[in-house]
Amino acid sequence: MRLILASGSPRRKELLEEAGLEFEIIPSPAEEIYDVSLGMTGLCEENARLKSSLIAKSNPGALVIGADTLVFIDNTPLGKPKDLDDAAAMLRKLSGRTHQVCTGVCFSGPDGEETMIHGLTDVIFKDLSYADIAAYLEKTNPLDKAGSYGIQDHGEMIVKCISGAFDNVMGLPVNMVLQKLKEIGLPIAQR
């Protein structure tokens with residue numbers, strides 16, 4: 001059975017490769033929604049569902065994994081920044097505070113069935129000065145990352161500590177994904 005990751009994220013690709021799964025990558029062109037009335041987990045799961053179901057429709061017989069990661073502070077989602085000024089403003093908002101990272105994952109099966117899960121991780125930021133933020137932005141590209149940061153990209157410069165799964169903050173709660181694949185009972189080829 002074909003396993004498809006409906007994401008162009010290099011971090012998700014790396015995480016699934018490290019888990020030993022064989023899969024194809026077909027990035028989903030689905031438009032993400034930002035309906036805060038769905039709540040943190042509902043919003044991430046719905047975006048993951050939109051991504052996986054779109055790819056599943058054009059790939060019958062495959063199991064498609066869609067994922068969406070958002071940073072939430074005060075129950076408000078922070079998506080990807082528009083530009084570097086927006087990135088700096090997001091990092092200032094996160095400075096010295098605890099926020100949540102939610103990754104919703106949807107498995108669209110070959111029979112049309114959809115199963116959703118989500119991972120939640122608390123992230124505590126250091127108190128960041130303007131100079132700290134400028135130094136971080138010089139070393140990284142925040143524009144393709146929810147909340148303007150990647151924990152795996154010089155995260156030690158801005159993150160004090162986390163409570164929960166590190167890989168969830170990267171964009172995919174791998175242990176939860178592997179467990180769900182096992183529960184689904186689909187024969188997934190591993191390297």
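All of the numbers you see were taken from the coordinates with simple rules; none came from a lab. Values in this document were obtained by computation on a predicted structure and should not be read as measured data. Cβ sites come from the backbone with ideal geometry, for glycine too, and all protein chains shown count toward neighbours.
Taking the simple approach of a point 7 Å from Cα along Cα-to-Cβ for both Lys182 and Ala134, what is their distance in nm?
The answer from the label model is 5.0 nm.
What value, in deg cm²/dmol to 500, does the helix sum -39500 (n - 2.57) over DSSP H runs of n ≥ 4 give at 222 nm once divided by the residues of the chain? Walk me through the numbers on the way to the answer.
Values: 6 runs with 65 residues, N = 191.
Here the helix-only value at 222 nm equals -10500 deg cm²/dmol.
Dividing the alpha-carbon radius of gyration of region 1-88 by 2.2 N^0.38 Å (N being the number of residues), what value is obtained?
So the Cα radius of gyration is 1.20 times the expected 2.2 N^0.38 Å.
Work out the P(r) tail for region 44-130: percent of alpha carbon pairs separated by more than 16 Å, whole number.
The proportion of pairs with Cα distances above 16 Å equals 60 percent.
Rg to Rh for the chain: what is it, with Cα atoms only and Rh by Kirkwood?
The Rg/Rh ratio comes out at 0.99.
Would you mind telling me which residue in Cys161, Cys102, Cys44 has the biggest mean-square fluctuation in a Gaussian network model of the chain, where springs connect alpha carbons within a distance under 10 angstrom?
Cys161
Over the chain, with a Gaussian network built from C-alpha contacts below 10 Å, which listed residue (Ala135, Ala89, Ala146) shows the highest mean-square fluctuation?
Ala135
Shape of region 104-191 from its Cα gyration tensor (a ≥ b ≥ c, root eigenvalues): rounded if a/c is under 1.5, otherwise prolate when a/b > b/c, or oblate?
Taking the square roots of the gyration eigenvalues as a ≥ b ≥ c, region 104-191 is prolate.
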